[in-house]
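**Q** Submitted below is the structure of interest, expressed as structure tokens.
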Amino acid sequence: MKTELRVHNSLSGEKEVFKPIHEGHVGMYVCGPTVYSDVHLGNCRTFVSFDVIFRYLMHLGYKVRYVRNITDVGHLEGDADTDAEDKISKKARLEKLEPMEVVQYYANGFHKVMQQYNALSPSIEPRATGHIIEQIEMVQSILDNGYAYVENGSVYFDTAKLISTQKGVYGQLSGRKPEELLAETRENLKKQDEKHSPIDFAIWIKADPSHLMRWNSPWSVGFPGWHLECSAMSTKYLGKTFDIHGGGFDLKFPHHENEIAQSHGACSCSPAHYWLHANMLMLNGKKMSKSDGNTINPEQLLTGDSPHISKGYSPMVVRFFMLQSHYRSTLDMTDEALLAAEKGYRRMMEAYATLQGMQHPGGGVAGALDQEIKDLIDSVYDEMNDDFNTPRALARMFELVSKINALKGGQLSFGDLLPETLAQLKQSFQSFLFDVLGLKDESEAAGGDKELLDGLMQLIIEMRKEARERKDWGTSDMIRDALKELHLQLKDGKEGTSWSKE
RNA sequence: GGUCGGGUGGCCGAGUGGCUAGGCAGAGGUCUGCAAAACCUCGUACGGCGGUUCGAAUCCGCUCCCGACCUCCA
């Protein structure tokens, strides 16, 4: 591990050396879901990506405060700022539920799926409705600084003013030119008569009488704008300026751009040093879309109940599949690709099991093999340091898998390997797979009574061995075939027979 | 239409101005009673057309296609 951590910063468009504000500590904010429906699989990819980033930062020894919000108010239909219904409010009205019932239900579902994918809980998971006061205070600061105006009980951010007074701020993240933004958006936005300019956006919205969620404020009974919650909550828990702000690519504009604007309006400060964006998940070469049926949810993926897949895939297979691509690239999910990921995942896990069971016979010299293995271990970390390049890191891991299997099969010799190196390999392999990548050995987890199964299998293997010594191939093959029916595979090797679940 | 990002071998996916990841599938071989597993070897890919260069899939221009955001979709 000789390299420094470098991350791709969306703000500069370049990879930069990562330097936290406070040495040894990292503050990271990731935009979480709006809980008005079942969690989108694409969202899962984003959160798995940031889960690995969170894990890797901790693995490097940082104390990380990871804040991921839950949006439970303010996100309007169509992401408009006004004259549209709040997503949660609408759901509550349609289902005749309290808005908080809607929120609780889908937040529970979201947590369940995240748990299935073995994503760690964030350090803090704040909700927008729990931070109304902070949001009102922030609106007030922005007003005090002259970067917002009140119209008919609603408060709007004065984007045009920010553009003219703080040059180069608005549009930097999304690569948009302020002049064009000001010019282009004139026509199709009619109902926005309260706004001075089409690119202004609401930070406090006066609630019409039918609106279910409403709070008192100095300006009206209403609710906060969508972008504001993230600014208020990140400031509260991470400070005005913190290290990493993450989210899906689709949030770059306007959401993240507006967050930056709000911070500049409230304190003339920029919220985050590094902006990280996770790219989209596609299905069969196209974006997922409910309207044309090109979509699949986490539940269907698990059960296989979908025309897009031939069978169900376990969460760890899906996680592994996601990690085989880089978080900044789009990822195309196909049945064939999932099948390939499933096999790769199992190969990796079986090599892990093989490795842990390995005993060095003692002796050994630090030959070429010894060096090769050490270099591979180092390169895994080098790849991760290069903007969390999980696919390359996994590629190096698979090269280690070949070494492990060859040591077991006798194609490589322990004589060329020091016992310390084997110990180091065991340790690194395990911590990388489980702590950093966040994978789990599912065969073990599902097994339940592992000791019993192990014992039974040893007995069966022993009986089959005796049959084979008698050249009783009928019995031997019968045992093998029967186990195969139970999805248990026997592997006859030089050192005897082992087994694994399929 | 505007802005931005892509198009890599059968599939998924890294990556890079020359030393050509990895997984899966396929072919051949080793091992094996047979098979599986494992190991070894192989296919020489970078949308199309030009250009820059000793050399480009990697840089530039044009073109076709796909995607994201700008307008409901994470």
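Bear in mind these aren't lab numbers, they're just calculated from the coordinates by the rules spelled out. From a predicted model like this one, the values you see are computed outputs, not experimental measurements. Every residue, glycine among them, receives a Cβ derived from its backbone with ideal geometry; neighbour counts consider all protein chains shown.
**Q** Starting with the fewest neighbours, write out A:CYS267, A:CYS44 ranked by other beta-carbon atoms found within 10 Å of each beta-carbon.
**A** A:CYS267, A:CYS44
**Q** With an 8 Å Cα cut-off and a minimum separation of 6 or more residues, compute the relative contact order for chain A in percent.
**A** With pairs under 8 Å counted, the relative contact order is 16 percent.
**Q** Which entries of A:LYS96/A:LYS286; A:LYS19/A:LYS286; A:LYS91/A:LYS287; A:LYS19/A:LYS161; A:LYS286/A:LYS484 have Cα-Cα distances beyond 30 Å here?
**A** Flagged as over cut-off: A:LYS96/A:LYS286; A:LYS19/A:LYS286; A:LYS19/A:LYS161; A:LYS286/A:LYS484.
**Q** Length gain on complete extension for the stretch A:ALA395 to A:SER123, per 0.36 nm per residue less the alpha carbon to alpha carbon distance?
**A** 94.8 nm
**Q** According to the square roots a ≥ b ≥ c of the eigenvalues of the Cα gyration tensor, what is the shape class of the stretch A:405-502, taking rounded for a/c under 1.5, prolate for a/b larger than b/c otherwise, and oblate for the remainder? Please report the intermediate quantities before stating the final value.
**A** Numbers: a/c = 2.86, a/b = 1.43, b/c = 1.99.
Because a/c hits 1.5 or more and a/b fails to exceed b/c, the stretch A:405-502 counts as oblate.
**Q** Given labels modelled 7 Å from the Cα in the Cβ direction, how far is it in nm from A:CYS267 to A:TRP473?
**A** In this crude spin-label approximation the distance works out to 7.7 nm.
**Q** Same structure, new question: Measuring from centroid to centroid over Cα atoms, what is the spacing of the stretch A:41-56 and the stretch A:224-248 in Å?
**A** The stretch A:41-56 and the stretch A:224-248 have Cα centres separated by 18 Å.
**Q** Given the -39500 (n - 2.57) contribution per DSSP H run of 4+ residues, what per-residue ellipticity at 222 nm results for chain A, rounded to the nearest 500 deg cm²/dmol?
**A** Counting only the DSSP helices, I get -14000 deg cm²/dmol.
**Q** Dipole magnitude of chain A about its Cα centre, charges +1 at Lys/Arg Cβ and -1 at Asp/Glu Cβ only, in debye to the nearest 20?
**A** Dipole size: approximately 360 debye.
**Q** Just for chain A, what percent of DSSP beta bridges are antiparallel, to the closest 5? Present the calculation step by step, with values, prior to reporting the outcome.
**A** On the way: 25 of 47 bridges.
In chain A, approximately 55 percent of DSSP beta bridges are antiparallel ones.
**Q** Treat the count of other C-beta atoms within 10 Å as a stand-in for reagent exposure and order A:PHE249, A:PHE242, A:PHE429, A:PHE157 from fewest to most.
**A** In increasing order of surrounding Cβ atoms, one gets A:PHE249, A:PHE429, A:PHE242, A:PHE157.
**Q** How many angstrom separate the Cα center of the stretch A:84-102 from the Cα center of the stretch A:393-468?
**A** 50 Å
**Q** Got a sec? How would A:ARG392, A:ARG68 order by Cβ neighbour count within 10 Å, fewest to most?
**A** Working: A:ARG392 15, A:ARG68 25.
So the residues, fewest neighbours to most, are A:ARG392, A:ARG68.
**Q** Can you flag which of A:LYS426/A:LYS450; A:LYS90/A:LYS240; A:LYS206/A:LYS290 are past 24 Å Cα-Cα?
**A** Checking Cα-Cα distances, A:LYS90/A:LYS240; A:LYS206/A:LYS290 exceed 24 Å.
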